[in-house]
Amino acid sequence: MHNGGVSFWWQQVGLPSPADPLTGDDVCDVAIVGGGLTGLWTAHYLREADPSLDVRVVEARFAGFGASGRNGGWLSSELAGSVRTYERAAGPEGVERLRAALRATVDEVIGVADREGIDADVVRSGVLMVARSEAQRQRLDGELSAEQVAARIRVAGAVSGHFDADCARVHPAKLVSGVARVVRERGVRVHEGTRAVRLEPGAVHTDRGTLRAPVVLRCLEGFTAGLAGHRRDWLPMNSAIVVTEPLSDAQWAEVGWEGQELLGDEAHAYCYAQRTADGRIALGGRGVPYRFGSRTDVDGRTQEWTVESLRATLTSLFPSLAGIGLDHTWCGVLGVPRDWSASVAYDPATGLGHAGGYVGSGLTATNLAGRTLRDLVLGASTDLTALPWTGHRVRRWEPEPLRWAGVHALYRLYRAADRREDAGLGRTSRVARLANRVAGR
Ligand SMILES: Cc1cc2nc3c(=O)[nH]c(=O)nc-3n(C[C@H](O)[C@H](O)[C@H](O)COP(=O)(O)OP(=O)(O)OC[C@H]3O[C@@H](n4cnc5c(N)ncnc54)[C@H](O)[C@@H]3O)c2cc1C
């Protein structure tokens, strides 16, 4: 089994060599730090709105190296954050506007991909969430019976399900490399192999020189802690994926899954899966949740414990696949703010802005955030700039070792809660409620 190599998705399309690094000091109009989907979509929409702008992206490795090229491929309308947080900012009506904007964004991403010739294996297949215990059934409150779930995907022990059509399956590396191509074609320079070390109003200081710009946008998500002065802003939470060998026709006949839905469960330590375009199952989950000192992985290399726990989840969902080979595993980091809710912000006085903190739901949200940053930077007051995550402020994470101990304790509690519920508790475990309080969700 291949472990790391950034991701299976990147290995399929081929790892790119970093291009166009910064060569000494330079100036531009907008400097975007981070070449994931947040940075790339922001560059795309800014250039589209004003082709005269000199927009640059500064990227430590290559465009799509981070979560954007490693994720589970759920282009979903899930809320990137907590309902309660956004309700406090803008009431239930504000939350509804954000939900509607995210639903529309699924179509926006698919539309851009269609228009720009980005073939990212997109299927608008929807997402099937399943409950596998009474406690999960109560939380999910789904409209599908066990039989209706089995008619789509034969998940062992599924007692009910919920289907949401506003979700598409994508190939992450094909999507992000396509967006990077489009951005470059529009005249944006993406300075790969260029690491930002410090940001200040008017300047991005990198290991290859200083890029000066009146507008500096931080789009680093799970890598934010690596930047001077931002160590405790967002916690780099780990998520890992395993990919099986291609299933045989007989194996698919056992499993079903003809609709290619995205698949998730209602466990506290939840899993997420997709049927890939080439007939495999990619299944992800938390694994070892966090590395001490906000460190990140080395090119996606995953711990053995995580691989074994994902293998156990796979065979628990699909016992007929016990013994199936795993071809690849990798991990990546997502950005988790202290209140588990995303933000988009820009201060015209300093020219500094940022977007991110989507926790595990950023694939769609990056596009919405990019369009919102565009409007904020251009000084336009729009429906997007009025969304409840705009200008949202959050306190910082605790210092180490509290941060490490807290996150690991949290996931021990979630796993304990899952075990109790799986053993027939019949309601959501109090342990999980306690964990949610500790987490501040
Ligand atoms: C394993 C996994 C599975 C996921 N599954 C899903 C899913 O199915 N659906 C979903 O909605 N979301 C999912 N997510 C989350 C989603 O992928 C992210 O929210 C989204 O891709 C964030 O994009 P981004 O551009 O903000 O960050 P990233 O894509 O992480 O981009 C940040 C970029 O900054 C660069 N960088 C880092 N440090 C520096 C520096 N000092 N200077 C310059 N550049 C730097 C990195 O190399 C990286 O390219 C998943 C995440 C992971 C890790």
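Every number here is computed from the coordinates shown, using simple stated rules; none is lab data. Worth saying up front: this structure is predicted, and the values here are computed from it rather than measured. Glycine also receives a Cβ, built like all others from the backbone with ideal geometry; neighbour counts cover every protein chain displayed.
Some notes on this structure:
- Helix 172-185 and the longest principal axis of the Cα set of the chain meet at an angle near 20°.
- Averaging the Cα positions of each part gives two centres, and for the range 369-441 and the range 90-122 these lie 22 Å apart.
- Sequentially through the range 31-44, phi angles give Karplus couplings (6.51, -1.76, 1.60; θ = phi - 60°) of 10, 9, 9, x, x, x, 5, 4, x, 5, 5, 4, 4, 4 Hz, Gly and Pro residues having no value and appearing as x.
- Amide H contacts of Cys167 (H built 1.01 Å from N, under 5 Å, at least 5 apart or other chain): Gly126, Val127
- By other beta-carbon atoms within 10 Å, ranking Glu192, Glu116 with the fewest at the front produces Glu116, Glu192.
- Kirkwood hydrodynamic radius (C-alpha pairs) into Stokes-Einstein, the chain, 25 °C and 0.890 mPa s, D in µm²/s: 111
- Note that the range 327-336 has calculated 3J(HN,Hα) couplings of 8, 7, 9, 7, 9, x, 10, 10, x, 10 Hz, one per residue in order, obtained from phi through the Karplus relation 6.51 cos²θ - 1.76 cosθ + 1.60 (θ = phi - 60°); glycine and proline are x.
- Karplus-derived 3J(HN,Hα), 6.51/-1.76/1.60, for each residue of the range 16-25, Hz, glycine and proline x: x, 8, x, 10, 6, x, 5, 10, x, 5
- Residues whose amide H falls under 5 Å from that of Thr210, counting only those 5 or more places apart or on a different chain, are Asp25, Asp26, with hydrogens built in the peptide plane.
- Whole-number percent relative contact order across the range 2-377, with pairs defined as alpha carbons under 8 Å at least 6 apart: 27
- Value of D in µm² per second that Stokes-Einstein yields for the range 32-150, Kirkwood Rh from Cα pairs, at 37 °C (0.692 mPa s): 186
- Acute angle (nearest 10 degrees) that the helix 402-422 long axis makes with the longest principal axis of the chain, alpha-carbon atoms: 30
- Close amide H contacts of Val57 (hydrogens built in the peptide plane, cut-off under 5 Å, sequence separation of 5 or more or a different chain): Ile32, Arg189, Val190, His191.
- Proxy reagent accessibility, fewest Cβ within 10 Å first, across Thr372, Thr206: Thr206, Thr372
- Mean shadow area of the range 111-212, taken as a quarter of the surface of its Cα convex hull (nm²): 11.0
- Ordering Phe292, Phe62 from the fewest to the most neighbouring beta carbons within 10 Å gives Phe292, Phe62.
- Kirkwood Rh and Cα Rg combined as Rg over Rh, evaluated for the range 51-113: 1.08
- Cα centroid separation - the range 218-289 against the range 328-364, whole Å: 18
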